[in-house]
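As structure tokens, the structure follows; a few thoughts come after it.
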Amino acid sequence: MTILVIAEHDNKELKSGTLHTVTAAQKIGGDIHVLVAGNNCGAVAEAAAKLAGVSVVKVAEGAALEHGLAENIAPLVVKLAAGYSHVLAPATTYGKNLLPRVAALLDVMQISEISAVEAADTFVRPIYAGNVLATVKSNDPIKVITVRTTAFDAVGPGGSADIEKVDGGADAGLSRFDGAELTVSDRPELASARIVVSGGRALGSAEQFQAVIEPLADKLGAAVGASRAAVDAGYAPNDYQVGQTGKVVAPQLYVAVGISGAIQHLAGMKDSKVIVAINKDEEAPIFQVADYGLVGDLFSVVPELIQALGD
Amino acid sequence: MKVIVAVKRVVDFNVKVRPKTDGSDVELANAKMSMNPFDEIAVEEAVRLKEAGKVTEIVAVSMGVKACEETLRTALAMGADRAVHVETDAVLEPLAVAKLLKAVAEKEQPQLLILGKQAIDDDANQVGQMTAALLGWAQGTFASKVGLSSENVQVMREVDGGLETVTLNLPAVVTTDLRLNEPRFVKLPNIMAAKKKPLDKLTTADLGVDVTPRLTLVNVAEPAKRQAGVKVANVAELVAKLKSEAKVL
Ligand SMILES: Cc1cc2nc3c(=O)[nH]c(=O)nc-3n(C[C@H](O)[C@H](O)[C@H](O)COP(=O)(O)OP(=O)(O)OC[C@H]3O[C@@H](n4cnc5c(N)ncnc54)[C@H](O)[C@@H]3O)c2cc1C
Ligand SMILES: Nc1ncnc2c1ncn2[C@@H]1O[C@H](COP(=O)(O)O)[C@@H](O)[C@H]1O
């Protein structure tokens, strides 16, 4: 068995999701190759070559591959796939966009967002907002899989894989990348942060979200998350949304501030190691999953908490 | 311009789904069913494009059991012009749905196909991308803004780092994210009018699609329950517990 892991990157750095995906590949067992498709992405290939357990890194470069357009990358993966038993990508927006396109072209049913490996053809995946875990066995010749990154540790360094160049193929001529507005922040990345502080509808405005949530996050060295209600209301950017249809996080500490705890939100954070909830309603469902619940008005509790944390 | 919208009948988002006692599948008997929320956003977008004069006809399509007719009637009440129901009792995986949708698109020849990004039952997030692949069309997934012209469609996408914009040649596939729009409430007169709109039936055989599942469901189980926590009296107690008991600070 040889497994192909599709690397996620921005042509400069390998994204952390790839590290977790390689661990999932190790659980399946077999030789692990990594595909780096991009443009001027040599540094990414070198980083991938150093991951433990990776034996070959394939690099495909070209202008058509620079921005991760699925229309251009999918045919490349399909061409390579014949030599592999499994094709894996992280279940990030990058992997979710690309991999089903690959699966359909291979006439294979993708297994989305696995959280455990039972056997080389059998996997566990959450369905219904994580209320149920389904174990599924694939009968397809090639297993095409996206990986829930929080369910697998990041692989460490220690590898020294060979780097091979492969042909990147032509531009499919279907789509064009116009630009991106990425959220800039000095805080840790939400999906891999050790501590996450999330705010909900109760924050009331973007100004108050910033004035209350961000200082607490800064004090804790935490990433900032939000509920859908807070994002929809414009208090926080879309990429902060934690939940069934946003990001899944599993930090050491998750602090939910003014969030009621709808199942769609819980789906994205209930695997956190320690959960703290601050809510003025003692009946709020978030308290059913919280290790430590504090009933109170967030506008007085959070400043107090920042104080109590000292320097 | 003609647009197809794919709508799935799913368990309502407020229902907490549990496994059957024998773990063979989930328990859905008597559960409230609704249109997948992302598909409501898809229908709403199509209707807005029609109201803006950019789209002339909206065809709503659903695959599955007889009761999908209700979901299609809801789409018609929201403003779709016609409905196509591919009726089957078979378990449909995303790949099979994509093949059926491709076959419908080949008959109907739309310029745009709008789907939800994810069905909230299987949480697969696949059908749009798969359909685009099978048709050889461009895909704009997780859309939070759609700008349609006669030649192309510009899609602002919600991605992990923020937002990204792509321009797609037509015909194209777009999948909706939560911020694209807020679906309207359907008014009673529209529900009545929707009953008179055409709803055509097809079978998987009519479309020549083999829908045999590729995955076997081995079992379903409930995830491990979290230990019940405690309420702390004040901030000082919270900080003390986080330091000495949870040791996360
Ligand atoms: C298709 C679909 C997908 C969804 N996906 C997601 C998702 O990915 N992520 C997600 O989060 N949601 C998602 N949702 C939405 C989800 O159902 C809830 O509506 C949402 O999580 C509620 O956000 P909230 O807790 O911030 O707001 P609310 O439910 O309004 O809760 C606000 C809470 O703040 C408390 N509060 C108010 N004032 C104060 C105060 N001064 N001090 C302390 N506490 C206070 C209240 O007691 C209340 O508990 C989805 C919904 C659908 C239909
Ligand atoms: N049975 C179905 N009938 C119609 N549309 C569907 C069906 N299944 C999935 N879809 C569409 O595909 C989208 C994504 O579904 P999924 O890939 O299953 O998460 C949904 O939001 C619908 O728009």
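Ranked highest first by the average count of other Cβ atoms within 10 Å around their residues, in what order do A:164-173, B:52-61 fall? Before the final figure, lay out the partial values.
On the way: A:164-173: 13.8, B:52-61: 18.9.
Per-residue Cβ counts within 10 Å, averaged per peptide and sorted highest first, yield B:52-61, A:164-173.
Which of A:Lys247/B:Lys225; B:Lys20/B:Lys195; A:Lys96/A:Lys270 have a Cα-Cα distance over 29 Å? Don't skip to the answer; put the middle values down first.
Numbers: A:Lys247/B:Lys225 21 Å; B:Lys20/B:Lys195 36 Å; A:Lys96/A:Lys270 22 Å.
In this structure, B:Lys20/B:Lys195 lie more than 29 Å apart at Cα.
For segment A:238-259 and segment A:285-311, what is the centre-to-centre distance using only Cα atoms, to the nearest Å?
The distance from the Cα centre of segment A:238-259 to that of segment A:285-311 comes to 16 Å.
If you average 1/r over all unlike Cα pairs in segment A:195-309 and invert the result, what Kirkwood radius do you get in angstrom?
13.4 Å
Go ahead and set up a Gaussian network model of chain B, Cα springs under 10 Å, then flag whichever of B:Lys117, B:Lys102, B:Lys197 fluctuates most.
B:Lys197
Can you list the residues of segment B:227-249 that have at least 50 square angstrom less accessible area with all protein chains present than in their chain by itself, probe 1.4 Å?
B:Lys231, B:Val235, B:Leu238, B:Val248, B:Leu249
When you count, for each residue, the other Cβ atoms within 10 Å and take the mean per peptide, how do A:179-188, B:41-50 rank with the highest first? Don't skip to the answer; put the middle values down first.
Numbers: A:179-188: 13.2, B:41-50: 23.5.
Going from most to least packed, we get B:41-50, A:179-188.
Rolling a 1.4 angstrom probe over the protein heavy atoms, how many square angstrom per residue are accessible across chain B? Mind showing how you got there, number by number?
Numbers: 10700 Å² over 249 residues.
That works out to 43 Å² per residue.
Quick one: if the Förster radius is 35 Å, what FRET efficiency do A:Asp153 and B:Lys66 give, using the C-beta to C-beta distance and rounding to 0.05?
Details: r = 47 Å, r/R0 = 1.33.
Step by step, r from the Cβ atoms, then E = 0.15.
What size of dipole, in debye to the nearest 20, comes out for the protein assembly as shown about its Cα centre when the only charges are +1 on Lys and Arg C-beta atoms and -1 on Asp and Glu C-beta atoms? Write out the running numbers ahead of the final one.
Working: 56 positive and 68 negative charges, 177 e Å.
In debye, rounded to 20, the protein assembly as shown gives about 840.
Could you do me a favour and compute the accessible area per residue for segment A:2-165, 1.4 Å probe, result in Å²? Can you show the working numbers first?
Values: 5130 Å² over 164 residues.
Result: 31 Å² per residue.
Run the paramagnetic zone check for B:Ala90: 7 angstrom along Cα to Cβ, then residues of segment B:96-124 with backbone nitrogen under 20 Å.
Under 20 Å, as judged by backbone N against the label point of B:Ala90, lie B:96-108, B:122, B:124 of segment B:96-124.
Among the aspartates and glutamates, select those whose C-alpha is under 16 Å from the C-alpha of B:Lys197, and discard any that sit fewer than 8 residues away in the same chain.
B:Glu57, B:Glu69, B:Glu70, B:Asp81
Using a loss threshold of 30 Å², tell me which positions in segment A:145-174 are less accessible in the complex than in their chain alone. Probe radius 1.4 Å, ligands and nucleic acids ignored.
In segment A:145-174, residues shielded by partner chains: A:Leu174.
Compute the distance in nm between two label points, each set 7 Å from the Cα along the Cα-to-Cβ direction, one at A:Thr2 and one at A:Glu164.
The two pseudo-label positions are separated by 0.5 nm.
Going by average Cβ neighbours within 10 Å, how do the peptides B:75-87, A:280-292 rank, with the highest at the top? Intermediate values should be presented prior to the final figure.
Working: B:75-87: 22.5, A:280-292: 18.6.
Averaged packing, sorted descending, gives the order B:75-87, A:280-292.
Find the Rg to Rh ratio for segment B:64-150, where Rh is the Kirkwood radius over alpha-carbon pairs and Rg uses the same atoms. Kindly include the intermediate steps, with their values, before the conclusion.
Numbers: Rg = 13.4 Å, Rh = 14.2 Å.
Computed over Cα atoms, the ratio is 0.94.
Would you mind getting the Kirkwood hydrodynamic radius of the protein assembly as shown from its Cα pairs, rounded to one decimal in Å?
Numbers: mean 1/r = 0.0413 Å⁻¹.
Evaluated over the protein assembly as shown, this radius sits at 24.2 Å.
How large is the Rg to Rh ratio of segment A:2-165 when both quantities use alpha carbon positions and Rh follows Kirkwood?
Numbers: Rg = 14.4 Å, Rh = 15.4 Å.
Value, to two decimals: 0.94.
Which of the listed residues, A:Val155, A:Ala134, A:Ala217, is farthest toward the dipole's positive end in segment A:99-226, when Lys, Arg count +1 and Asp, Glu count -1 at the beta-carbon?
Of the listed residues, the answer is A:Ala134.
How big is the B-A contact in terms of buried accessible area, both chains counted, 1.4 Å probe, rounded to the nearest 100 Å²? Intermediate values should be presented prior to the final figure.
Numbers: alone 14050 and 14710 Å², together 22080 Å².
Summed over both sides, the interface buries about 6700 Å².
With unit charges on the beta carbons (Lys and Arg positive, Asp and Glu negative) and the dipole taken about the Cα centre of the protein assembly as shown, which residue among B:Ala80, B:Val248, B:Ala236 sits farthest to the positive side?
Farthest towards the positive pole: B:Ala80.
Rounded to the nearest Å, what's the spacing between the alpha carbon centres of segment A:156-174 and segment B:53-97? Just the number, please.
41 Å
Counting only protein heavy atoms and a 1.4 Å probe, tell me what percentage of segment A:12-99's accessible area is made up of carbon and sulfur. Don't jump to the answer; show the numbers that get you there.
Numbers: 1420 of 2680 Å².
C and S fraction of accessible area: 53 percent.
State whether segment B:104-172 is rounded, prolate or oblate according to the following rule on the C-alpha gyration tensor (a ≥ b ≥ c being the square roots of its eigenvalues): a/c under 1.5 gives rounded; otherwise a/b larger than b/c gives prolate, and the remaining case gives oblate.
Working: a/c = 2.13, a/b = 1.09, b/c = 1.95.
Oblate, because a/c is 1.5 or more while a/b does not exceed b/c.
Dipole of segment B:92-226, Cα-centred, from +1 at each Lys and Arg C-beta and -1 at each Asp and Glu C-beta, to the nearest 20 debye?
Numbers: 16 positive and 16 negative charges, 109 e Å.
The dipole magnitude comes to about 520 debye.
Please work out the average accessible area per residue across segment A:195-309, using the 1.4 Å probe convention, and give it in Å².
Numbers: 3980 Å² over 115 residues.
Per-residue value: 35 Å².
Past 30 Å, Cα to Cα: identify those pairs from B:Lys54/B:Lys99; A:Lys165/B:Lys99; A:Lys165/B:Lys102; A:Lys273/B:Lys32; B:Lys16/B:Lys247; A:Lys79/B:Lys16, in the order given. It would help to have the intermediate numbers written out before the result.
Working: B:Lys54/B:Lys99 27 Å; A:Lys165/B:Lys99 34 Å; A:Lys165/B:Lys102 35 Å; A:Lys273/B:Lys32 33 Å; B:Lys16/B:Lys247 33 Å; A:Lys79/B:Lys16 42 Å.
Listed pairs above 30 Å: A:Lys165/B:Lys99; A:Lys165/B:Lys102; A:Lys273/B:Lys32; B:Lys16/B:Lys247; A:Lys79/B:Lys16.
With each pseudo-label sitting 7 Å past Cα toward Cβ, what's the B:Asn169-B:Ser244 distance in nm, one decimal?
Going by the 7 Å Cα→Cβ label model, 6.9 nm.
Which of the aspartates and glutamates could a cross-linker span from A:Lys280 if the Cα-Cα distance has to be under 12 Å and same-chain partners fewer than 8 positions apart are dropped?
Reachable aspartates and glutamates: A:Asp297.
What does the average come to when, for each residue of peptide B:132-145, you count the partner chain Cβ atoms lying within 10 Å of its Cβ? Let's see the in-between values first.
Numbers: counts 8, 12, 4, 1, 4, 3, 8, 10, 2, 7, 5, 0, 1, 0.
Average per residue, whole number: 5.
What is the Cα coordinate range of segment B:2-245 on the first, second and third principal axes, sorted by size from largest, in whole angstrom?
So the three principal-axis extents are 65, 42, 40 Å.
Probe radius 1.4 Å, ligands and nucleic acids ignored: give me the carbon and sulfur share of the accessible area of segment B:91-249 as a rounded percent. All intermediate terms of the calculation are to be shown ahead of the outcome.
Numbers: 3850 of 7020 Å².
Looking at segment B:91-249 in its full context, I get 55 percent from C and S.
With chain B treated as a Gaussian network of Cα nodes joined by springs under 10 Å, which of B:Met156, B:Met192, B:Met130 yields the largest mean-square fluctuation?
B:Met192
Using only the alpha-carbon atoms, how far is helix B:94-108 inclined from the longest principal axis of chain B? Give it as 0 to 90 degrees, nearest 10.
Once rounded, one gets 20 degrees.
Quick one: if the Förster radius is 56 Å, what FRET efficiency do A:Asn39 and B:Leu188 give, using the C-beta to C-beta distance and rounding to 0.05? Could the numbers behind the result be given before it?
Numbers: r = 55 Å, r/R0 = 0.99.
Taking R0 as 56 Å, the efficiency between A:Asn39 and B:Leu188 is 0.50.
Per residue of A:297-307, how many C-beta atoms from partner chains lie within 10 Å of its own C-beta, taken as a mean?
Details: counts 0, 0, 0, 1, 3, 1, 1, 5, 5, 1, 2.
Mean inter-chain Cβ contacts per residue within 10 Å come to 2.
Expected output is a single nm value to one decimal: the length gained when fully extending between B:Lys107 and B:Thr203, i.e. 0.36 nm times separation in residues minus the C-alpha distance. What is it? Before the final figure, lay out each step's value.
On the way: separation 96, 0.36 × 96 = 34.56 nm, distance 1.37 nm.
Result: 33.2 nm gained on full extension.
In debye, nearest 20: dipole of segment B:2-245 around its Cα centre with unit charges on the Cβ of K, R (+) and D, E (-)?
Working: 32 positive and 33 negative charges, 114 e Å.
In debye, rounded to 20, segment B:2-245 gives about 540.
Any chance you could run the full-extension gain for A:Glu181 through A:Lys50? It's 0.36 nm times the residue separation minus the Cα-Cα distance, nm to one decimal. Walk me through the numbers before you get to the answer.
Values: separation 131, 0.36 × 131 = 47.16 nm, distance 3.06 nm.
Here the answer is 44.1 nm.
Which order do B:Asp160, A:Asp311 take when ranked by solvent-accessible area (1.4 Å probe, heavy atoms of all protein chains), largest first?
On the way: B:Asp160 45, A:Asp311 195 Å².
My answer, sorted largest first, is A:Asp311, B:Asp160.
Say the dipole of the protein assembly as shown comes from +1 at the beta carbon of Lys and Arg and -1 at that of Asp and Glu; which of A:Val36, B:Ala132, B:Pro37 then lies farthest toward its positive end?
B:Pro37
What residues of segment B:173-191 lose no less than 10 Å² of accessible area with every protein chain in place versus their chain by itself (probe 1.4 Å, heavy atoms only)?
Checking the loss per residue gives B:Leu178, B:Arg179.
So which lysines pass the test for A:Lys27, namely a Cα distance under 16 Å, with those fewer than 8 places away in the same chain ruled out?
The qualifying lysines are A:Lys137, A:Lys143.
To the nearest 0.05, what FRET efficiency results for B:Asp210 and B:Met33 with a Förster distance of 25 Å applied to their C-beta separation?
0.40
For chain A, list log₁₀ I(q)/I(0) at each q in 0.08, 0.10, 0.15 Å⁻¹, using the Debye formula over Cα point scatterers of equal strength and ignoring solvent, two decimals each.
Values returned for q = 0.08, 0.10, 0.15 Å⁻¹ are -0.39, -0.60, -1.14.
Determine the distance separating the Cα centre of segment B:186-249 from the Cα centre of segment B:139-171; give it in Å without decimals.
The distance from the Cα centre of segment B:186-249 to that of segment B:139-171 comes to 26 Å.
When Cβ neighbours within 10 Å are restricted to other protein chains, what is their mean count per residue of peptide A:266-274?
Working: counts 1, 2, 0, 0, 4, 3, 1, 2, 8.
The per-residue average across the peptide is 2.
The values are calculated or read from the model by the stated rules, or taken from the named source; none is laboratory data. All figures in this text were calculated on a predicted structure; none of them were measured in a lab. We place every Cβ from the backbone using ideal geometry, glycine too, and count neighbours over all the protein chains shown. To get the accessible areas, we keep the full protein, side chains included, count just its heavy atoms, and leave off ligands, DNA and RNA. Shrake-Rupley method; radii C 1.70, N 1.55, O 1.52, S 1.80 Å.
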